[in-house]
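Derivation of every value follows stated rules applied to the coordinates shown; laboratory data play no part. Bear in mind the structure is a predicted one, so any value in this text is a computation, not a measurement. Heads up, the Cβs are rebuilt from the backbone with ideal geometry, glycines too, and the neighbour counts pull from every protein chain shown.
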There are 2 protein chains.
Amino acid sequence: LHRQAVVEAESRQQQLTKPVGALGDLERLAIRLAGMQGKPCPQAERVAIAVFAADHGVAAEGVSAYPQAVTAQMIANFANGGAAISVAARALDARLRVYNLGTVTELAPLPGVESCVIAPQSGNLACEPAMTPAQLARAMAVGRQAVIQASADQPLDLFIGGEMGIGNTTSATALAAALLEQPAVTLAGPGTGLDSAGILHKVAVIERALALHQPRVEQPLELLRCLGGFEIAALCGAYLHCGQQGVPVLVDGFICTVAAMIACRLQPQLSDWLIFSHCSAEPGYAQLLDNLPSWPLLDLGLRLGEGSGAAVAVPLIRMACTLHAQMATFDEAAVSGATA
Amino acid sequence: LHRQAVVEAESRQQQLTKPVGALGDLERLAIRLAGMQGKPCPQAERVAIAVFAADHGVAAEGVSAYPQAVTAQMIANFANGGAAISVAARALDARLRVYNLGTVTELAPLPGVESCVIAPQSGNLACEPAMTPAQLARAMAVGRQAVIQASADQPLDLFIGGEMGIGNTTSATALAAALLEQPAVTLAGPGTGLDSAGILHKVAVIERALALHQPRVEQPLELLRCLGGFEIAALCGAYLHCGQQGVPVLVDGFICTVAAMIACRLQPQLSDWLIFSHCSAEPGYAQLLDNLPSWPLLDLGLRLGEGSGAAVAVPLIRMACTLHAQMATFDEAAVSGATA
């Protein structure tokens, strides 16, 4: 982080024609982003969105309200511009790339979709590790490569990762349970729409996985390998590379936040580069909150994934930057300061 | 409200390629706005912002951290494009008009500022009614006229009212205390930046006003006349006209919400037309929350006024409309629905 830019941005906020602090989180956002970007007036115009998609072996346990074919179908929907993240990316003029890390239904080449297939699906984490060490490394490399590719298009003001994968809240919840050392029942939720019996079944599946792998929080990479999925590993790899390259990250909801927490275990300084976009409606998110380095911007009951909640927060960050850059100072506007 | 548009918008939300409800408040927003605008795919492109500014006699009691001259100085800042609401209006491509209802420092004509001066300031509500009946009527008419003027420019998707007036959180807090029948001490806050001694003094001033006027919640207009201010009355008039004309209103923070609550006492059906934009950081807002017909969209610790918090929420509403209109349906995208 650039200390001097933070100092200059803070000083600028003190001089703008408003009571100090009156723009609340928008002031803090502009100042944080100034530190990340190394300039007193940061911006959030050049945004890249990478959506990582993959199927999960654990879907065989019946842990999702949707059939597994939906992962591939949604990749096509991303490509055709009909998914929430496609619509949001257009509205934001953000570059969207989709990374297919492996689906049970094979996909023909699609525009805007990079084929990085590792396997048709990850291993069923209730019975075996989700990934081999080689698969984990490949998945993380896809994430890293996505950031490199996005940065090659244009210097990035903000990176957004998204995910799609039927069964992936089961994987993320297992990871969260291991990371927070909490029982699965305090974290598991409906995902795309399980009823309460479905949630109890999901809890049992996660408990089997935790009992099988005995994950240790001190071994985040091993934890990710056993309980994760290709797209969650790719998100980890992408976030780690953003931290190394100094690219600000806007983190989406439950699954992305779990990926970010694992990445922070691997590289604690990464947390300086993370902006949390929204509180997911997935119940487990409430348990994550206390462990986040900063508070999410929005709380709109979103639980879609794809990076959609992060995309929704982009206009807010742009507004924070625009206000910070364009408001007049007390001197410029000849407005009197506080008398107290 | 247009019931048929609501039904069609709800039905559309059920068909979009996402789990039902996964876009949370954004879904509800699009559906509500469909009902207000009478079309299944609403929009929030054409936004008008009217900022009402006026000085308050109660400023003589020393209830603000800023000198009274700041009201007029800020009107000039609005006109010159340096204030938060000026910057936000530009960023949103929204039409901003400022209505000067009277300032202690006289103002020369300014571009974008309508001179509607009623008096240099309202009466000091701690000693006398803030307005005469004639002044109250004139101030409310300015608000009504502002909506007519904005609607004449273009058909409005959304109306935003804002306010500026040194001392006006004292007035709004007195109104809130009377409306909620709560003691001033549970509602009063720092406004633009009082310290705790300043807040206690403000409480005492408000208590004097309440003891003097003995406001009755069944007489909202009389309450507004005794404890309000020109700009708060103008907001009431504007909101009432929006309700009558079927123009959706995006309500700003503490002061605007108090004005909206008074307007709803006068015309209960108005509440159907109100979208609350954000939870103000002014402590009294927490007391208003339980009395609002719907929950505010944002909670960013904003406490600037001017309509700025409402402006910050506009991109979110636009995103809700864009997602609602442009996402593919399950049929269009050939995506499988839920199996459960």
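Annotation: the residues B:PHE230, A:PHE52, sorted from fewest to most other C-beta atoms within 10 Å of their own C-beta, follow the order A:PHE52, B:PHE230.
Sorted from shortest to longest, the distances between the B:ALA286 label points of this copy and the other copies are 1.9 nm, with each point 7 Å from Cα along the line through the beta carbon. Put simply, the amide H of B:GLU163, placed in the peptide plane, has neighbours under 5 Å in B:PHE52, B:GLU306, B:GLY307, leaving out anything fewer than 5 places away on its chain. Between A:LEU298 and A:HIS278, A:CYS279, the built amide H atoms are under 5 Å apart, and every one of these is 5 or more places off in sequence or on another chain. Seen from A:LEU125, the other residues with C-beta closer than 15 Å to its C-beta sum to a net charge of -3, counting Lys and Arg as +1 and Asp and Glu as -1. Of the beta bridges in the protein assembly as shown, as assigned by DSSP with both residues counted there, near 5 percent are antiparallel. Residues in the stretch A:269-285 carry Karplus couplings, in order, of 5, 3, 4, 4, 9, 9, 10, 8, 7, 7, 7, 5, 7, 4, x, x, 4 Hz; the curve used is 6.51 cos²θ - 1.76 cosθ + 1.60 with θ = phi - 60°, and Gly or Pro positions show x.
Mean per-residue shielding of peptide B:126-139 is 0, counting Cβ atoms of other chains within 10 Å of each Cβ.
Counting charges near B:ASP153 (Lys, Arg +1; Asp, Glu -1) among other residues having Cβ under 15 Å from its Cβ returns a value of -1. In chain A, Cα pairs under 8 Å separated by at least six residues give a relative contact order of 24 percent.
Work out the charge dipole of the stretch A:1-99 with +1 on the Cβ of Lys and Arg and -1 on the Cβ of Asp and Glu about the Cα centre, then indicate which of A:LEU16, A:ILE31, A:GLY62 is farthest towards its positive end. Of the options given, the answer is A:LEU16.
Eight or more residues apart or on different chains, and alpha-carbon atoms under 28 Å: count the Lys pairs in the protein assembly as shown matching that. Step by step, the pairs that qualify in the protein assembly as shown add up to 4. Expressed in Å, the radius of gyration and Dmax of the Cα atoms of the stretch A:47-317 are 16.4, 48. Axis between B and A by rotation; chain B residue with nearest Cβ and distance in whole Å recorded as B:PRO315, 2.
Here's how it looks for A:ARG95: its modeled amide H is under 5 Å from those of A:VAL47, A:ILE49, which are all 5 or more places away or on a different chain. Per-residue shielding of A:83-92, expressed as the average number of other chain Cβ atoms within 10 Å of the residue Cβ, stands at 5.
Taken about its Cα centre, the stretch B:166-262 carries a charge dipole of about 100 debye when Lys and Arg each add +1 at the Cβ and Asp and Glu each add -1 at the Cβ. Other residues lying with their Cβ under 12 Å from the Cβ of A:GLY301 contribute a combined charge of -2, Lys and Arg counting +1, Asp and Glu -1.
Per-peptide packing, taken as the mean over residues of other Cβ atoms within 10 Å, places A:66-79, B:261-274 in the sequence A:66-79, B:261-274 from highest down.
Evaluated with a Cβ-only charge set (Lys, Arg +1; Asp, Glu -1), the stretch B:203-340 carries a dipole of roughly 300 debye about its Cα centre, given to the nearest 20.
If you take the square roots of the eigenvalues of the alpha-carbon gyration tensor of the stretch B:157-238 and sort them as a ≥ b ≥ c, do you get rounded (a/c under 1.5), prolate (a/b over b/c) or oblate? Since a/c reaches 1.5 but b/c is at least a/b, the shape of the stretch B:157-238 is classed as oblate. Residue separation of B:TRP295 and B:GLU106 scaled by 0.36 nm, minus their Cα-Cα distance, works out to 64.1 nm of gained length. Helical content of chain A, expressed as a calculated mean residue ellipticity at 222 nm, amounts to -15500 deg cm²/dmol (DSSP H runs of 4 or more residues, -39,500 (n - 2.57) each, divided by residue number, nearest 500). Sorting A:88-96, A:236-244 by average packing, meaning the other beta carbons within 10 Å per residue, from highest down gives A:236-244, A:88-96. Each other copy places its own label point for A:LEU212 at 7.6 nm from this one, sorted shortest first, where the point lies 7 Å along the Cα-to-beta carbon line. Spatially, the stretch B:63-88 and the stretch A:259-293 are offset by 38 Å when compared through their Cα centroids. Across peptide B:309-317, the mean count of Cβ atoms from other chains lying within 10 Å of each residue's own Cβ comes to 4. Inter-copy label distances for B:THR329: 5.7 nm (label point placed 7 Å from Cα along Cα→Cβ; shortest first). Nearest-5 percent of antiparallel DSSP beta bridges in chain A? DSSP beta bridges in chain A are roughly 5 percent antiparallel.
Listed values for the stretch B:27-38 are Karplus-derived 3J(HN,Hα) couplings in whole Hz (6.51 cos²θ - 1.76 cosθ + 1.60, θ = phi - 60°), namely 5, 4, 4, 4, 5, 4, 5, 4, x, 6, 8, x, and x replaces Gly and Pro. Listed values for the stretch A:183-196 are Karplus-derived 3J(HN,Hα) couplings in whole Hz (6.51 cos²θ - 1.76 cosθ + 1.60, θ = phi - 60°), namely x, 4, 5, 7, 10, 5, x, x, x, 6, x, 5, 7, 5, and x replaces Gly and Pro.
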